[in-house]
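> Quick one: the structure is below, questions incoming.
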Amino acid sequence: VVNLGCPKNEVDAEKLAYLLLKDGFELLAEPDTAEIIIVNTCAFIQPAVEEAIDVILSLIEYKKSGNCRILVVSGCLPQRYGTVLLDEIPEIDLLFGADGFALIPAAVKSFSQKRQSLSWINKTCDLDYSKIHPLLQQVSPPRAFSYLKIAEGCDNRCSYCMIPAIKGKQQSIIPATLVSQARKMVADGVKEINVIAQDITAYGRDLIEKPTLCDLLRELTRIPELSRLRLLYAYPNRINDDLIELLATDDRLCSYLDVPIQHISDPVLKMMGRHDQSKDIRATLLQLKEKVPDIFLRSTVMVGFPGETEADFYRLLKFIKEGFFDYLGAFAYWPEEGSPAARLPDQVPDNVKNERLQEVLETQKQLTEKRLKEKIGCRERVLIEGLSSESELLLQGRCDFQAPEIDGLTYITEIEGDLDPGTIVEAEIYDTHEFDLFARVLQT
């Protein structure tokens, strides 16, 4: 199984792996010996589409010269482009849309007998994730952290985004199912669960009993042996007093929140179809910093949106310089085919977008490095993930203000004894390098 895209796709790939193992298939780490190759794709922006197609084309070589007999493509790419993929890339044998991967094991067995290309793509406006929601995840190889996806789809309808068109309306997973899935992760050795969805703060609004995100978090923090719970992708205008109080008082919740604001200029926010205003974003961030003084905030911004003036951009840059965010992802706007924003006038030239992007990234880099240097001399609890990919003489882990795969790492030096993945140690930070920290263990 080859997975592309974000952690939400990673959850789907792990659920698919669980199904395949349950149905008697053997999972292989490399494609060169595999008889069946499944590519789980991302396609919400054009660079992701191009990456997915490049990967598929590279894997076709294993049908020509390797053991591969069946090539399966699933996820957002088939959901967005449909059966035209079979016409353009005839080497693909089976196609499955965003809500169809639970059908893959049976379809692969059937295809082995009939040898006829088929597709299962739901093109209605209401995708059906009901067969996917209850599935467990195969966290393989066993690791210290995992992701818990609490909803599919999105109702926000931002003008630049294709997620609602590809993934459909929001469909929250009932709390009992999520708690069961989380218990299974913890039983498998997971110490940190990262709660994800397109918008976690909208959780439960579509369910009959209307459970809230805070209701779910209270259930999850009752799980014994779960050390950390991290929240990613919280829509600013739905961050309420209850959530802030939980972050301030529950030791299981990381003092960390991912709050993608996208912009701070009200005219740009309005054109983006966002439901926030700059004064409300500022008030929310100030409240978070006041009530949770040690919190690390991550955000995402977009530069070069159609109609973004120089004044709009410098308003955003000035806001970033105020230092609300400890980590920041920044992107240049891409006119995504089929999105309302792609039809807007006053498209910003690419060279201007790239200049603005570099200015934002350099500004935030200095802020993040300064914030991390303030951690030198501090004692932090570090979740060990295993040997460093840089050197076998180092262990790598993360403090609770470092989200997996997007923030930096904490490298443990002066190793004495065995520290297995999942072990949490008390360590002193003694140095930094860009976004990474270096620490020595004080106590296990």
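Here, each number is a calculation from the coordinates, and none is a lab measurement. Since the structure is predicted, the reported quantities are computational estimates derived from the model, not experimental observations. Ideal geometry is used to build each Cβ from the backbone, glycine not excepted, and the neighbour counts take in all protein chains shown.
> Which whole-angstrom value gives the distance between the alpha carbon centres of region 346-377 and region 285-337?
Each part reduced to its Cα centre gives a spacing of 10 Å.
> Calculate the dipole size of the chain relative to its Cα centre from +1 charges on Lys and Arg beta carbons and -1 charges on Asp and Glu beta carbons; express the result in debye to the nearest 20.
Taking the Cα centre of the chain as origin, the dipole is about 1180 debye.
> For the ranges 177-186, 94-103, what's the packing order if you count other beta-carbon atoms within 10 Å of each residue, average per peptide, and put the highest first? Numbers along the way, then the final one.
Values: 177-186: 18.0, 94-103: 23.4.
The most tightly packed comes first, giving 94-103, 177-186.
> Now for a separate question. For region 2-120, what class follows from the C-alpha gyration tensor (a ≥ b ≥ c being the square roots of its eigenvalues): rounded when a/c is under 1.5, otherwise prolate if a/b is larger than b/c, else oblate? Don't skip to the end; give the middle numbers.
Numbers: a/c = 1.30, a/b = 1.14, b/c = 1.14.
It is rounded, given that a/c, with a ≥ b ≥ c, falls under 1.5.
> Fully extended, how many nm does the chain gain between Glu390 and Glu91 (0.36 nm per residue separation, minus their Cα-Cα distance)?
In short, 103.9 nm is gained.
> Give me the extension gain from Asp250 to Arg183: residue separation times 0.36 nm, minus the current Cα-Cα distance, reported in nm with one decimal. Show your work: numbers first, answer last.
Numbers: separation 67, 0.36 × 67 = 24.12 nm, distance 1.88 nm.
Between Asp250 and Arg183, full extension yields an extra 22.2 nm.
> If you don't mind, another one. Restricting attention to the alpha-carbon atoms of the chain, what are Rg (one decimal) and Dmax (integer), both in Å?
Using the Cα atoms of the chain, the pair Rg, Dmax is 22.4, 65 Å.
> Turning to a different aspect of this structure: With n ≥ 4 as the cut-off for DSSP H runs, can you work out [θ] at 222 nm for the chain, using -39500 (n - 2.57) per run divided by the number of residues, rounded to the nearest 500?
Value at 222 nm, helices only, nearest 500: -10500 deg cm²/dmol.
> Before anything else, pin down the relative contact order of region 136-276: Cα pairs under 8 Å, at least 6 apart, normalised by residue count, whole percent.
Over region 136-276, the number comes to 24 percent.
> Here is a further query. State whether region 379-443 is rounded, prolate or oblate according to the following rule on the C-alpha gyration tensor (a ≥ b ≥ c being the square roots of its eigenvalues): a/c under 1.5 gives rounded; otherwise a/b larger than b/c gives prolate, and the remaining case gives oblate. Please report the intermediate quantities before stating the final value.
Numbers: a/c = 1.28, a/b = 1.20, b/c = 1.07.
Rounded, since a/c falls under 1.5.
> Evaluate the relative contact order of the chain (contact order divided by residue number), counting alpha-carbon pairs under 8 angstrom at least 6 apart; express in whole percent. Don't jump to the answer; show the numbers that get you there.
Details: 832 pairs, mean separation 43.6, N = 444.
Relative CO of the chain lands at 10 percent.
> Given axes a ≥ b ≥ c from the Cα gyration tensor, I'd like to know whether region 289-352 is rounded (a/c under 1.5), prolate (a/b larger than b/c) or oblate. Before the final figure, lay out each step's value.
On the way: a/c = 3.10, a/b = 2.07, b/c = 1.50.
In terms of gyration-tensor shape, prolate.
> Return the percentage of antiparallel bridges among DSSP beta bridges fully within the chain, rounded to the nearest 5 %.
Percent antiparallel among DSSP bridges in the chain is about 35.
> Can you tell me which aspartates and glutamates have their Cα less than 13 Å from the Cα of Lys64? Leave out same-chain residues fewer than eight positions away.
List returned: Asp32, Glu35, Glu91.
> Which far-off residues, 5 or more places away or on another chain, put their amide H under 5 Å from the one on Leu395, with H placed in the peptide plane?
Ser388, Ile412
> Using θ = phi - 60° and the Karplus form 6.51 cos²θ - 1.76 cosθ + 1.60, what ³J(HN,Hα) does each residue of region 52-59 get, whole Hz, x for Gly and Pro?
With the stated coefficients, region 52-59 comes to 4, 5, 4, 5, 4, 5, 5, 6 Hz.
> Right, next: Between Ala29 and Lys279, how high is the FRET efficiency from 1/(1 + (r/R0)^6) when r is the Cβ-Cβ distance and R₀ = 60 Å? Nearest 0.05. Walk me through the numbers before you get to the answer.
Working: r = 51 Å, r/R0 = 0.85.
Given R0 = 60 Å and the Cβ-Cβ separation, E is 0.75.
> Pop out the ³J(HN,Hα) list for region 71-84 in order, Karplus 6.51 cos²θ - 1.76 cosθ + 1.60 with θ = phi - 60°, rounded to Hz; leave Gly and Pro as x.
With the stated coefficients, region 71-84 comes to 10, 10, 10, 10, x, 5, 4, x, 5, 7, 10, x, 6, 4 Hz.
> With θ set to phi - 60°, apply the Karplus curve 6.51 cos²θ - 1.76 cosθ + 1.60 along region 150-163 and write out the HN-Hα couplings as whole Hz, x wherever there is a Gly or Pro.
Couplings: 9, 7, 10, x, 7, 10, 6, 6, 5, 5, 9, 10, 9, 4 Hz.
> Taking Lys291 as the anchor, which aspartates and glutamates have their alpha carbon closer than 15 Å to its alpha carbon, excluding any fewer than eight residues away along the same chain?
Asp241, Asp242, Glu245, Asp250, Asp251
> So which residue, out of Ala234, Ala403, Ala332, gets the largest mean-square fluctuation from a GNM of the chain using Cα contacts under 10 Å as springs?
Per the Cα network of the chain with a 10 Å cutoff, Ala332 tops the list.
> Right, another one. Using Cα centres only, tell me the gap between region 401-440 and region 149-215 in whole Å.
Taking the Cα centre of region 149-215 as reference, the centre of region 401-440 is 29 Å away.
> Once you've got the GNM for the chain with C-alpha springs shorter than 10 Å, pick whichever of Lys370, Lys22, Lys321 has the biggest mean-square fluctuation.
Lys22
> May I ask you to list the aspartates and glutamates whose Cα is less than 13 Å away from that of Lys210, ignoring any residue fewer than eight positions away on the same chain?
none
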